[in-house]
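K.L.:
My questions all concern the structure below.
The values are calculated or read from the model by the stated rules, or taken from the named source; none is laboratory data. Here the structure is a predicted model, which is why all the values come from computation and not from measurement. Side chains are part of the model used for accessible areas, which takes the heavy atoms of the whole protein and leaves out ligands, DNA and RNA. Shrake-Rupley method; radii C 1.70, N 1.55, O 1.52, S 1.80 Å.
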Amino acid sequence: MKQITEKRIKSPMPAYTAAACIIVFGLIFPLYRMYGIVLVAFIAAAAYFLSRKYFFKDKTVQEESEPVFRTGIAELDESLEQANVLIEQLRRANISIKNSAVSAHIDRMTRSGDAILAELNAHPEKARKLRRFLTYYLPTAVKFMQTYAEHEAAPTGGENSAEIMRGIENNSETIAKAFETSLDSLYAGEALDISSDIDVLNGMVNAKMSMFE
């Protein structure tokens, strides 16, 4: 979850234009007299404002920055920062994943994850409802999707690799729903425990991956 801020950048050209006017018109009008000074200053000021308004307008650029979590609870701030890193890892894994269905489910995870972190940052008292999301669902989702991206990119893969990918494909929507249900629970006050399905997948993936070690 990156914060988008707008930054206004002023062009130096209006100042250069005004300086050029002072040099040029300073040669025309007598700067040793008051009226000459006033006239050149007026021309330079007019050149500055007109060039800035019509020719060298300020530019507005958007900058991305990492969010700052300030809940007043140091432990929670640290957890939110770690969770934000994990969500960014999900996004990076999604860039290389070619399976459109899995990619769409990751999009749902990141959208829900961003919303969860924003809500917890604003209402830290709700954090106790989502301890399992922060400590289990999110890191497990990252592990699954990074594993999927690695196996999908592998030039060759056996039946174990294919089975791991099928397991993640078949359960990626379940994981996305876990994220969305976690977000809903912040507002509905519902208890969230759909860990059994994810536990099964986690056990399967761990078992299969151990064969490669």
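K.L.:
Ordering T110, T181, T135 from largest to smallest accessible area (1.4 angstrom probe), what's the sequence?
P.N.:
On the way: T110 10, T181 50, T135 95 Å².
Final ranking, largest accessible area leading: T135, T181, T110.
K.L.:
Related question: Counting only the heavy atoms of the protein chains, how much of E163 is accessible to a 1.4 Å probe, in Å² to the nearest 10?
P.N.:
For E163, the solvent-accessible surface is approximately 60 Å².
K.L.:
Let me ask something additional. Quick one: how many Å² of I28 are accessible to a 1.4 Å probe, rounded to 10?
P.N.:
110
K.L.:
Distance between Cα centroids, the stretch 93-132 to the stretch 6-55: provide it in whole Å.
P.N.:
That distance is 53 Å.
K.L.:
Once you wrap a convex hull around the alpha carbon atoms of the stretch 17-151, what is its projected area averaged over all directions, in nm²? Write down the numbers at each step before the final one.
P.N.:
On the way: hull surface 60.9 nm².
So the mean shadow area of the Cα hull is 15.2 nm².
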